[in-house]
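The values are calculated or read from the model by the stated rules, or taken from the named source; none is laboratory data. Quick caveat, the model's predicted, so the values are computed rather than measured. So basically every Cβ, Gly included, is an ideal-geometry build from the backbone, and we count neighbours across all protein chains shown.
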Amino acid sequence: MNTSLRLRLSVMMFLEYAIWAAWYITMGRYLGQVLNFTPEQIGLAYNTTALAAIISPFFVGMVADRFFATEKVLFATHVLGGLCLLGLSYARQFGVFYPLLLAHTLFYMPTLALTNSISFHQMKDPGKEFPSIRVLGTISWIVTVLAVGWLGTRFNGLDVRTPVPFQIAGGLSILMGLYCLTLPHTPPTAKGEKVTVRDVLGLEALELLREPSFVVFIISAFLICIPLSFYFAFAPPFLSDAGMPNVTGATSYGQMSEIFFLLVMPWFFKRLGVRWMLMVGMFAWGARYLLFLMGYNSGILWPLYVGIVLHGVCYDFFFVTSYIYVDKKAHESIRAKAQGFITLVTLGLGMFVGTTLSGKVSGWYSFPKATPERFQQVADLSAWQPGNYVKWGADDAPRFGQLKSIAGTNATATASVEVFERAGKGFKASGKTVTVPAKSLEKPLPLWDRIWKIPGYGALLIMVLFALIFRDQPPAEESEPDAAKTA
């Protein structure tokens with residue numbers, strides 16, 4: 001591959017992942033702190049990527065691969081997805097926000113496969129040439145997250161108090177769409193061929209389920225994606241509540257770790273093998289949440305940073321090992337479909353269940369469904385938004401409510417608050433409004449120590465069950481699968 005083409009594909013990968021990185025890390029805090037969405041709604045917002053991952057193979061296999069050149073499909077999907085992102089910056093109600101976000105992810109998720117496809121089409125040896133181009137996607141994520149985090153610290157919370165990240169992502173998406181028109185022409189690869197749902201979802205890989213160890217692997221892969229989903233939706237709000245500075249930028253340490261562990265992974269793989277690699281990956285997910293628990297309870301930050309850096313082990317040792325394991329187990333004729341199947345099970349179904357459940361669990365342990373035990377002082381009154389939940393009064397007689405408005409300057413500002421009264425284990429609005437000094441307001445925090453125990457212990461339990469049941473079997477000598485023999 002000549003240098004010019006390599007550069008063009010590298011820029012494509014950089015822009016592709018910059019779009020996702022620009023909004024994904026900051027969204028949870030923006031939805032919770034500014035739009036006052038409930039934890040359940042935040043979980044639903046994050047499950048749009050999983051839902052789109054389930055649907056996108058249909059689009060790629062039945063439309064993009066059959067009728068249109070890849071660069072034209074990328075142009076249309078990125079421009080339309082970018083318009084949805086710009087629309088998100090004006091959405092204030094969940095009923096408007098969620099459909100727009102879902103529409104964007106439905107446009108965006110297929111492009112992950114299509115950018116890979118357009119790269120492979122230009123390569124003589126993808127195994128050697130693709131990694132050096134794909135790594136630009138990870139570098140892009142790091143650079144973009146650091147840039148958005150810098151904006152937040154430089155301009156007083158710009159990354160979480162305003163919809164600017166969606167506007168940045170929307171602009172990048174439209175730019176990417178225009179850039180795709182300059183990419184090499186890549187005709188549809190399956191033009192004129194009959195494509196079925198079975199082909200698109202990789203269901204021919206179901207023949208691998210005849211092997212008991214593969215069944216255990218698939219079930220474990222699905223289950224472990226449920227606790228790990230808690231991280232993507234709720235780690236940034238938690239880290240902010242725990243007092244970590246520049247949360248957005250700090251999360252990029254996980255991607256830096258991912259690059260490192262990807263480089264040293266062959267050394268570990270040779271010495272540990274599939275079973276232990278998967279177990280280490282599962283253990284890392286559980287350990288990450290327990291480190292979050294330790295840092296929150298102790299008030300020190302280093303366990304939180306270690307939990308972020310563990311991302312390299314969490315992702316590489318589990319997901320990358322899973323892809324390698326599936327590749328070794330599947331016959332050459334169904335390897336691509338087997339990879340599509342494991343992606344459907346993990347990033348699709350597993351993440352969908354996990355993100356939905358994470359929202360419900362966080363809702364159970366957040367005000368007004370639960371009595372808060374910790375509170376955060378907010379020195380800058382401009383950080384308060386109407387609709388935020390607040391606490392005021394002495395610790396021995398705290399009162400809770402929902403902020404209506406703040407009037408006046410920092411020194412003399414007063415807050416109009418709707419009072420919440422106890423109702424069972426939680427609270428409900430009383431309809432009464434009081435005026436209190438704004439400087440007395442504090443933010444009631446979710447019961448993070450209880451929230452993180454659920455995915456933490458859940459991941460460790462799945463690891464133990466996997467260790468007890470899974471017994472890897474050497475791949476059978478390659479032969480045509482039964483379906484091919486009877487065709």
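Of all residues in the range 391-418, those that are in the same structural domain as residue 438 (by TED's automatic domain parsing) have Cβ atoms under 7 Å from Cβ atoms of residues that are polar (S, T, N, Q) and part of a loop (DSSP other than H, G, I, E, B), 6 or more apart or on another chain, in 403/388. Answer yes or no as to whether residue 424 is free of Cβ contacts under 8 Å to residues at least 24 places away in the same chain, under 30 Å from residue 229 (Cβ atoms) and not assigned by TED's automatic domain parsing to the domain that holds residue 226. Yes; evaluated as a whole, the condition is true for this residue. For the range 14-40, which positions are over 17 Å from residue 368 (Cα atoms) and aromatic (Phe, Trp, Tyr)? 14, 17, 20, 23, 24, 30 - these are the residues of the range 14-40 that are over 17 Å from residue 368 (Cα atoms) and aromatic (Phe, Trp, Tyr).
Screening residue 468 on (1) surrounded by 13 or more Cβ atoms within 10 Å (Cβ to Cβ); (2) within 30 Å of residue 272 (Cα to Cα) shows it passes everything except condition (1). Among the residues of the range 241-274, write down those that are buried (at least 19 other Cβ atoms within 10 Å of the Cβ), small (Gly, Ala, Ser) and more than 16 Å from residue 141 (Cα to Cα). Answer for the range 241-274, where residues must be buried (at least 19 other Cβ atoms within 10 Å of the Cβ), small (Gly, Ala, Ser) and more than 16 Å from residue 141 (Cα to Cα): just 242.
Applying the criterion of at least 2 residues that are farther than 24 Å from residue 146 by Cβ and either modelled with pLDDT under 90 or in contact with a Phe, Trp or Tyr (Cβ under 8 Å, 6 or more places away or on another chain) (or both) to the helices (runs of 4 or more DSSP H) found wholly in the range 178-290 leaves 197-200, 212-241. A single member of 418, 373 is more than 30 Å from residue 226 (Cβ to Cβ) and out of contact with any His (no Cβ under 7 Å at 6 or more places or on another chain), and it is 418.
In contact with a helix residue (DSSP H, G or I) (Cβ under 7 Å, 6 or more places away or on another chain) and surrounded by fewer than 16 Cβ atoms within 10 Å (Cβ to Cβ): which single residue out of 397, 413, 438, 429 fits that description? Only one candidate passes the filter, namely 413. Only residues that are of a type in the set (Lys, Arg) and buried (at least 17 other Cβ atoms within 10 Å of the Cβ) were counted across the range 73-107, and they come to 0. Go through the range 249-288 and give me each residue that's closer than 20 Å to residue 217 by Cα and acidic (Asp, Glu). If the condition is that a residue be closer than 20 Å to residue 217 by Cα and acidic (Asp, Glu), then no residue fits. Just checking, does the range 415-429 include any residue being more than 37 Å from the chain's Cα centre (by Cα) and over 16 Å from residue 389 (Cβ atoms)? The answer is no, given that none of the residues of the range 415-429 is more than 37 Å from the chain's Cα centre (by Cα) and over 16 Å from residue 389 (Cβ atoms). Candidates 46, 24: the one that is of a type in the set (Ser, Thr, Tyr), farther than 26 Å from residue 117 by Cβ and at pLDDT 90 or above is 46.
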